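Structure first, then comments.
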Amino acid sequence: MSKTLGIYIHIPFCASKCGYCDFYSHSGCDMLMPRYHNAIIDHIKEAGPQLQQYYIDTVYFGGGTPSYYGAKRICEIFNALKMNGLVYRSAEVTIEVNPDSITRHELKLLKSEGFNRVSIGAQSANDDILKLIGRRHNWAQVEQCVRDARRAGFRNVSIDLIYGLPSQTKSDWADTLRKAIALKVDHISCYGLKLEEGTPMYAYKGSPFLPDDDEQADMYLYTVETLANNGYKQYEISNFCRRKKYSKHNLKYWLLRDYMGFGPGAHSNVAGVRYSYVRDLVKYINNVNSGEKLVDEYEKIGLLDRAAEYIMLGMRTSKGISQKEYHKIYKCDFEPMEELLREFEKKGWAVSAKGRWRFTAAGFLLSNLLIGLMLEKQAELKRSGNPWTDRAESVVGDAQLPEGEEVFYRS
């Protein structure tokens with residue numbers, strides 16, 4: 001079977017930074033947009049020979065705020081990817097947008113150029129909370145954005161929501177979920193607020209103004225139940241969809257598939273190698289132009305590490321893990337791991353069906369702790385001199401076009 005690849009394009013520009021955001025992005029740097037635009041297109045062109053080894057089946061423009069960068073620029077970057085890589089016409093192509101920085105005209109342009117999925121940063125239906133956390137839109141604009149996306153022809157619309165926000169009550173959260181469901185979007189991501197050091201909202205840490213852990217847990221369990229009752233299937237800790245409209249690109253991360261990133265701070269995981277680019281906008285631009293080193297971190301992933309990632313990421317999904325899949329990566333005794341999972345099952349944290357283990361909703365709440373225990377168990381089982389750990393990584397051969405598929409452009 002031919003190798004497929006997901007592409008992530010990072011757009012590190014925002015109109016303003018939200019109080020909770022720890023992603024690499026800048027506001028007030030619009031003057032750098034033209035230079036960045038030329039640099040990332042040049043970077044994609046330089047990567048052409050590597051891109052040609054794969055067929056690209058997902059593309060994701062994230063940020064930052066790609067919609068603030070402008071639909072015309074976004075389409076130019078996507079066209080550079082089409083020209084230098086082999087992109088399926090059927091590829092899932094996603095753009096993140098904020099309701100205050102996208103128009104129906106721009107959505108129509110994106111759709112005409114091959115974008116078929118839009119992810120809207122909504123966060124809350126409470127306008128007061130939106131102001132408090134630094135969002136530039138209100139809920140009416142979210143509703144309008146969804147309508148505009150539908151009228152532009154998008155049949156796959158997602159919205160992002162956050163629970164556990166300052167002053168947010170369970171009643172507030174229930175109202176946000178109710179209004180989100182009423183929009184009949186195809187996909188909903190619900191993230192618990194995580195206070196990151198260095199962000200303005202880190203000042204709220206320990207404040208009674210924030211919902212406590214128990215309140216946030218109640219919001220999560222309410223989310224899982226409410227969305228399930230309204231036709232949204234949970235397929236990952238924070239992600240829910242209708243009619244199998246899951247994020248194919250994000251599934252690449254969780255299922256250990258190959259993906260390649262472009263832009264400052266972007267990460268890649270290709271052919272058993274994990275690397276990231278410099279987390280510095282100006283340095284990224286300058287190094288692309290000069291041909292200097294772009295890679296900030298580089299690591300060849302060993303089989304034990306890959307098996308640990310399989311556990312860590314697989315247990316985030318509703319699919320979970322299996323002994324058979326684990327053994328394809330790393331040949332060691334799975335029974336002690338299964339004994340631990342059976343202990344989780346007794347406590348209502350995990351379930352087993354058809355040879356697969358996955359967390360329950362209660363288990364997802366404790367996932368960081370439980371996955372940590374599983375990784376500790378794996379470390380105990382490590383066998384020195386295991387012949388499989390020295391197995392050479394397979395070499396990626398020339399990609400073959402699957403029968404019946406077409407690409408946008410052939411090189």
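Points to keep in mind about this one:
- Of the strands (runs of 3 or more DSSP E) lying entirely inside the stretch 79-176, those containing at least 2 residues that are assigned by TED's automatic domain parsing to the domain that holds residue 63 and farther than 24 Å from residue 23 by Cβ span 87-97.
- Selection within the stretch 102-122 - buried (at least 20 other Cβ atoms within 10 Å of the Cβ) and either closer than 12 Å to residue 158 by Cα or at pLDDT below 95 (or both): 117, 118, 119, 120, 121, 122
- Scanning the stretch 23-52 for residues that are exposed (fewer than 14 other Cβ atoms within 10 Å of the Cβ) and in a loop (DSSP other than H, G, I, E, B) turns up just one, 28.
- Neighbours by Cβ (under 6 Å, 6+ apart or cross-chain): first from the stretch 114-132, under 16 Å from residue 96 (Cα atoms); second in a helix (DSSP H, G or I): 118/149; 120/145; 122/142
- Subset of the stretch 229-249 [outside any loop (DSSP other than H, G, I, E, B) and in contact with a strand residue (DSSP E or B) (Cβ under 7 Å, 6 or more places away or on another chain)]: 233, 234, 235, 236, 239, 240, 241, 248, 249
- Every residue from the stretch 1-22 that is within 17 Å of the chain's Cα centre (by Cα) and either of a type in the set (Lys, Arg) or surrounded by 21 or more Cβ atoms within 10 Å (Cβ to Cβ) (or both): 5, 6, 7, 8, 9, 10, 11, 12
- Of the residues screened, residue 373 is one that is touching a helix residue (DSSP H, G or I) at 6+ places or on another chain (Cβ under 8 Å) and modelled with pLDDT of 80 or more.
- Checked against the criterion of being acidic (Asp, Glu) and buried (at least 19 other Cβ atoms within 10 Å of the Cβ), the stretch 227-238 has at least one qualifying residue.
- Any chance residue 176 is at negative phi, surrounded by 22 or more Cβ atoms within 10 Å (Cβ to Cβ) and in contact (Cβ under 8 Å) with a residue 24 or more places away in the chain: yes
- Some residue of the stretch 223-237 being over 15 Å from the mean Cα position of the chain (by Cα) and among the acidic types (Asp, Glu): yes
- Single residue of the stretch 276-317 satisfying the filter (among the basic types (Lys, Arg) and in a loop (DSSP other than H, G, I, E, B)) that is surrounded by the fewest Cβ atoms within 10 Å (Cβ to Cβ): 293
- For residue 249, the conditions (1) under 20 Å from residue 358 (Cα atoms); (2) modelled with pLDDT of 95 or more all hold with the exception of (1).
The values are calculated or read from the model by the stated rules, or taken from the named source; none is laboratory data. What you see is a predicted model; the values in this text were computed from it and never measured. We place every Cβ from the backbone using ideal geometry, glycine too, and count neighbours over all the protein chains shown.
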